[in-house]
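Engineer: Sharing a structure below in structure tokens format, with a few things to ask.
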Amino acid sequence: MLTRLSPQAPDKIIGLMQQFRADPRADKIDLGVGVYRDAAGGTPVMRAVKTAEQRIWQAQATKGYVGIEGDPAFLDAVRTLVLDDAAPPDRVAAVATPGGTGAVRIALDLVRLANPAARVFIPDPSWPNHAAIAGFVGLEQVAYRYYDAAAHALDAAGMLADLERAGPGDVVILHGCCHNPTGADLSPADWADVAAVLQKTGALPLVDLAYLGFGAGVEADAAGLRLLARHLPEMLIAVSGSKNFGLYRERVGAILALAGDAATATLARGNLSNLNRQTYAFPPDHGARVVTDILADPALRADWQTELDAMRTRMEGLRGALSDTLRELSGSDRFGFIAAQKGMFSLIGATPAQVATMRDDHGVYVIGDGRMNVAGLTEAILPRVARAMLAAGL
Ligand code: LMR
């Protein structure tokens, strides 16, 4: 049987992680996979996470199974953090998942159960796993215009025109904030325009919320999806705790399904439970418990919020510093967009050959499409990265 398998190429993010690990150069710089780094170049465990873990270690008396849907307290905490009062709780079905990727996978499985003929509208460009998972699940994919590469900005008119082509029974993937890979986000007015198009077409939004708090703060970052929740009968939200709680390896995630009424939410919950059961039985609990405890304790929550805000401010500072250094070195303003964009990533506008030059000649790793993890910079390496970009011909 196993001899029938075909080789599978890793996606461009995983492939680059492998290439980086294999590079023997001591001074190589990893600006590939989306991991936040502090000034010392490390990805520390957040203070509130350490405290919550200590408390859990002391108090936890069992590692017995929690439940097929995950801990209800975790699901309530995530629903409130993400949606606040934008949707009545009885219209929201939720299950815990292994990370945001698990949530995207379960969401698309749910869509396939509801409508195997659904088309999945995916922004061009997007996180590569969106198309990969949709394809694996067996759903047709349609790319919609999202980014004007020449302007380094959202192509709002193109996006809205393409989304008009979706219909009832189709799904539209939207990035809740900190668009991956472009860093170009929807403005509040763009969210209102998207809501109007979705209302008109009847297509179902699937909001991937992997970076809540990394763009403009938790409340501002959630405002767009909350607007959709207030105006649309149904939506799916894939939530990740990897980045904003720094719990990457613990695989904290949840899928929230907003239904038109409580009875449909119950129906959706039963289907989500069943998908959890078939896919991995019980979702992981440790990271979810950490998140629940942080959000439930006012002092821990305040400390988490403070540290998250500091991480965001640091990313904004690095964006400004890279853009300023490039201006000084190149005598041009053409990298100003890096300062204006949001979250971890920007497309620096590099061709594949320029990406290869940065990597091979300067040891600076960015994804093949030119995506740079700005949050992977430090003050110490930033000038070298800027010089490598210009030396590569950017
Ligand atoms: C990324 O885009 O680098 C992160 O979301 C990590 C991943 O799973 O790809």
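The values are calculated or read from the model by the stated rules, or taken from the named source; none is laboratory data. Remember, it's a predicted structure, so these values are computed and weren't measured experimentally. Neighbour counts run over all protein chains shown; Cβ positions are idealised from the backbone, glycine included. Accessible surface areas use protein heavy atoms only, side chains included; no ligands, DNA or RNA. Shrake-Rupley method; radii C 1.70, N 1.55, O 1.52, S 1.80 Å.
Engineer: Looking at (1) buried (at least 19 other Cβ atoms within 10 Å of the Cβ); (2) more than 13 Å from the ligand (Cβ to nearest atom), which is the only condition L267 fails?
Structural biologist: (1)
Engineer: Continuing with this model, one more query. Q354 passes all but one of (1) open to solvent by 40 Å² or more (accessible area, probe 1.4 Å); (2) under 22 Å from K12 (Cα atoms); (3) away from the ligand (no atom under 16 Å from the Cβ); which number fails?
Structural biologist: Going through (1) open to solvent by 40 Å² or more (accessible area, probe 1.4 Å); (2) under 22 Å from K12 (Cα atoms); (3) away from the ligand (no atom under 16 Å from the Cβ) one by one, Q354 breaks only (1).
Engineer: Got a number for residues in the stretch 82-100 being open to solvent by less than 30 Å² (accessible area, probe 1.4 Å) and over 23 Å from K243 (Cα atoms)?
Structural biologist: 4
Engineer: Check every one of the helices (runs of 4 or more DSSP H) wholly within the stretch 272-372 and list those with 2 or more residues that are of a type in the set (S, T, N, Q). So that I can check it myself, show each step before the final result.
Structural biologist: Numbers: elements: 286-296, 298-330, 336-340, 352-362.
Ranges flagged: 298-330, 352-362.
Engineer: Condition check: open to solvent by 60 Å² or more (accessible area, probe 1.4 Å), within 16 Å of the ligand (Cβ to nearest atom), in the same structural domain as K243 (by the TED database) and in contact (Cβ under 8 Å) with a residue 40 or more places away in the chain. Does R119 satisfy that? Quick ask: steps written out before the conclusion?
Structural biologist: Working: open to solvent by 60 Å² or more (accessible area, probe 1.4 Å): yes; within 16 Å of the ligand (Cβ to nearest atom): no; in the same structural domain as K243 (by the TED database): yes; in contact (Cβ under 8 Å) with a residue 40 or more places away in the chain: yes.
Criteria not met by R119.
Engineer: Looking at (1) open to solvent by less than 30 Å² (accessible area, probe 1.4 Å); (2) within 16 Å of the ligand (Cβ to nearest atom); (3) part of a helix (DSSP H, G or I); (4) not assigned by the TED database to the domain that holds T266, find the lone condition where A52 falls short.
Structural biologist: Of everything listed in (1) open to solvent by less than 30 Å² (accessible area, probe 1.4 Å); (2) within 16 Å of the ligand (Cβ to nearest atom); (3) part of a helix (DSSP H, G or I); (4) not assigned by the TED database to the domain that holds T266, A52 misses just condition (2).
Engineer: Working carefully through the options L225, L206, find the one that is part of a strand (DSSP E or B), out of contact with any Lys or Arg (no Cβ under 9 Å at 6 or more places or on another chain) and in contact (Cβ under 8 Å) with a residue 60 or more places away in the chain. Break it down stepwise before answering.
Structural biologist: Numbers: L225 fails: part of a strand (DSSP E or B).
Just a single option satisfies the conditions, and that option is L206.
Engineer: For the stretch 239-270, which positions are closer than 23 Å to L228 by Cα and assigned to a helix (DSSP H, G or I)? Even if it seems obvious, please write down each step before you answer.
Structural biologist: Quick first cut of the stretch 239-270, residues closer than 23 Å to L228 by Cα only: 239-241, 244, 253-269.
A262, A263, T264, A265, T266, L267, A268, R269, listed by residue number.
Engineer: Of all residues in the stretch 1-49, which are in a loop (DSSP other than H, G, I, E, B) and within 12 Å of the ligand (Cβ to nearest atom)? First the steps, then the outcome.
Structural biologist: Step one: list which residues in the stretch 1-49 are in a loop (DSSP other than H, G, I, E, B), which gives 1, 5-11, 23-28, 31-46.
Scanning the stretch 1-49 gives P10, D11, L31, G32, V33, G34, V35, Y36.
Engineer: Please verify whether R112 is assigned by the TED database to the domain that holds V197 and in a loop (DSSP other than H, G, I, E, B), treating the condition exactly as stated.
Structural biologist: Details: assigned by the TED database to the domain that holds V197: yes; in a loop (DSSP other than H, G, I, E, B): no.
Against the criterion (assigned by the TED database to the domain that holds V197 and in a loop (DSSP other than H, G, I, E, B)), R112 does not qualify.
Engineer: Of the residues that make up the stretch 70-80, is at least one in a loop (DSSP other than H, G, I, E, B) and closer than 27 Å to N129 by Cβ? If you could, list the steps in order and put the result at the bottom.
Structural biologist: Of the stretch 70-80, the ones in a loop (DSSP other than H, G, I, E, B) are 70-71.
Adding the requirement that they be closer than 27 Å to N129 by Cβ leaves 70-71.
Looking through the stretch 70-80, at least one residue is in a loop (DSSP other than H, G, I, E, B) and closer than 27 Å to N129 by Cβ.
Engineer: Of everything in the stretch 122-153, what is part of a helix (DSSP H, G or I) and either of a type in the set (S, T, N, Q) or open to solvent by less than 30 Å² (accessible area, probe 1.4 Å) (or both)? Give them in sequence order. Steps first, please.
Structural biologist: If we filter the stretch 122-153 for residues that are part of a helix (DSSP H, G or I), which is where we start, we get 128-137.
Within the stretch 122-153, N129, H130, I133, A134, V137 meet the criteria.
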